[in-house]
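Structure first, then comments.
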Amino acid sequence: MKRLRQAGIDLSVGTLNFLANTGIMLPYILILFQYQKTQSPTYLVALVTVYIARAASIFYTKRFNLRSSTYLIITLVFGALGSLPFALTDSLGWLLVGSVLWGYSAATIWPYFLTVKLNLAQTTPFKMKSVYWVIFLLLALLLGIDLGLKLSFSFSFALLAVMNLVALPGGLLLNEFTHDFYRGQPNQRHGLKQFWRWWLSVIFFAALAVLTTLRKADVPLPAWDTLAIILIALVIALIELYADRRTLHNFKARLLNRGFMLSYVLLFSSFMAYYYWGKLGMYLVFAVYLIGFEGGAGIIKALAHHDPRRQDRLRHQVVIAGHLLVLIPWKWIYLLGLLLIALYIGDDNPTVNQELYESDVVDNDTAIISKYRFSTAGGLLCQLVFFGLLVTISGINNLSLLSFFKPTSTSHWFLYTWAVNWPLALCSLGLALTNLRQQRRLEHSEQN
């Protein structure tokens, strides 16, 4: 009986590990596939809703002053409730409810899971067992078979609902383990007192919803109106950043830079790659990103011979070289540039997690959420700049926006290269250099 109970706990925590690592993308990917299969406006609305809910949730999740371990349980409940409507019905009302709940779960499950793991490391010898990763691979294989063979997306939706329920005991167990950590911790207050920011955020995410719809469907919206929407969203984003100017001052440029680069690689470059490799391009970019993100820390550390100072210097050399290479309009050089940027992200990610968690500028229970908040802000800034450039160049050349997102030929390759890719890459490089200068200034002040 004891062995059976332990197997159940391992299954639950392993499933939680799987959901935490894949949750941010799975809902969006599954709904996207369902939309592509049906071309139904209902699933287009659901797709936009889950995307906006996912982006918005990371900014406002900490407003109820709960522990991260409690939020983790909420994300699992919302994940189960959010995926069920997609398995059982195609009613727009229910799908909208499911999209909002699923979007919140997708945005927050990984930051809270990582926070709980870091909190546990302070008081217990907790670590991920090998069996958790075996469960991870088995669940990924099961979903992959369904997606690859296109058997039934309803099966995947139902399976994810069941996975969230299976992971719930693991979440409750981790919540119990964190009691020692929270004992004696001060009660942090995170409520939003500036209500004008709520109203601005509603306008901001409504603008993002319109722009996301334009990326998926041919909507007859004049270019000037689209540019006005982008400008309004960009101004609101800058107001928000100014309002948070004293928050994580020493980390902000680094986190904004991280988010901007992620959007450049995973959003813009996955579409731009079509002009180099056709339909294979998106998969190549994603593969390069995975290699860089997962292997960046080990590769750069090995090249630096495990010297922290040399590793830090090499990390910044790699990201600058990557930005310069993506400016060269040759496909293999472009891919190498993306790989170098991904290596930088992969190497910097565990470092910034640890430094932010151990810093005294933010409490431990909020550190990782704060990281993803500003990283998401950087990603949204990249998207707004990207859309602004694309709408402008499309309007000047009488092209549809969908000519970039759903291209039928590669005839406009160089137009998108110099008019969109180069400005985006240079903006990203500017953020990277700003981050480098800030880190050098901090190191100099610490030495003095």
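Among what's in the stretch 72-123 and is under 14 Å from L19 (Cβ atoms) and aromatic (F, W, Y), pick the residue that is surrounded by the most Cβ atoms within 10 Å (Cβ to Cβ). Filtering the stretch 72-123 for residues that are under 14 Å from L19 (Cβ atoms) and aromatic (F, W, Y), the one surrounded by the most Cβ atoms within 10 Å (Cβ to Cβ) comes out as W102.
Looking at the stretch 305-335, which of its residues are open to solvent by 80 Å² or more (accessible area, probe 1.4 Å), more than 19 Å from F260 (Cα to Cα) and not aromatic (F, W, Y)? H305, H306, P308, R309, R310, R313, listed by residue number.
Only residues that are open to solvent by less than 10 Å² (accessible area, probe 1.4 Å) and out of contact with any Lys or Arg (no Cβ under 9 Å at 6 or more places or on another chain) were counted in the stretch 336-356, giving 5. Looking only at residues of the stretch 4-37 that are open to solvent by 50 Å² or more (accessible area, probe 1.4 Å) and more than 24 Å from F286 (Cα to Cα), we find that the one that is modelled with the highest pLDDT is L11.
For A237, the conditions (1) in a loop (DSSP other than H, G, I, E, B); (2) within 30 Å of V352 (Cα to Cα); (3) of a type in the set (A, V, I, L, M) all hold with the exception of (1).
Close contacts from the stretch 198-223, counting a first residue that is open to solvent by 20 Å² or more (accessible area, probe 1.4 Å) and a second that is in a loop (DSSP other than H, G, I, E, B) and of a type outside the set (S, T, Y), with Cβ to Cβ under 8 Å and a gap of 6+ residues or different chains, come to W198/L192; V210/L221; T213/V219.
Looking at Y264, Y242, can you tell me which residue is hydroxyl-bearing (S, T, Y) and either over 29 Å from F293 (Cα atoms) or modelled with pLDDT under 90 (or both)? Being hydroxyl-bearing (S, T, Y) and either over 29 Å from F293 (Cα atoms) or modelled with pLDDT under 90 (or both) holds for just one of Y264, Y242, which is Y242. Residue pairs whose Cβ atoms lie under 9 Å apart, separated by 6 or more positions or on different chains, with the first residue in the stretch 318-347 and in a helix (DSSP H, G or I) and the second acidic (D, E) and open to solvent by 10 Å² or more (accessible area, probe 1.4 Å), are G346/E294. Of A297, A302, A287, all but one fail to be surrounded by fewer than 21 Cβ atoms within 10 Å (Cβ to Cβ) and over 22 Å from the mean Cα position of the chain (by Cα); the exception is A302.
Does T42 qualify as being touching a residue at least 24 places away in the same chain (Cβ under 8 Å), among the β-branched types (V, I, T), assigned to a helix (DSSP H, G or I) and over 19 Å from F205 (Cβ atoms)? Walk me through it before giving the result.
Numbers: touching a residue at least 24 places away in the same chain (Cβ under 8 Å): yes; among the β-branched types (V, I, T): yes; assigned to a helix (DSSP H, G or I): yes; over 19 Å from F205 (Cβ atoms): yes.
Answer is yes for this residue.
Selection of the stretch 386-411 for residues being open to solvent by 20 Å² or more (accessible area, probe 1.4 Å) and either in contact (Cβ under 8 Å) with a residue 24 or more places away in the chain or not in a loop (DSSP other than H, G, I, E, B) (or both) yields L389, T392, G395, I396, S400, L401, L402, S403, P407, T410. Annotation note: Cβ proximity below 8 Å between a residue of the stretch 434-446 that is over 10 Å from A253 (Cα atoms) and a residue that is at pLDDT 80 or above and among the β-branched types (V, I, T) (sequence gap 6+ or interchain) occurs for no pair. Of the residues that make up the stretch 247-254, is at least one part of a helix (DSSP H, G or I) and surrounded by fewer than 19 Cβ atoms within 10 Å (Cβ to Cβ)? No: the stretch 247-254 contains no residue that is part of a helix (DSSP H, G or I) and surrounded by fewer than 19 Cβ atoms within 10 Å (Cβ to Cβ).
The values are calculated or read from the model by the stated rules, or taken from the named source; none is laboratory data. None of these values were measured; they are calculated from a predicted model. Neighbour counts run over all protein chains shown; Cβ positions are idealised from the backbone, glycine included. Side chains included, ligands, DNA and RNA excluded: accessible areas come from the protein's heavy atoms. Shrake-Rupley method; radii C 1.70, N 1.55, O 1.52, S 1.80 Å.
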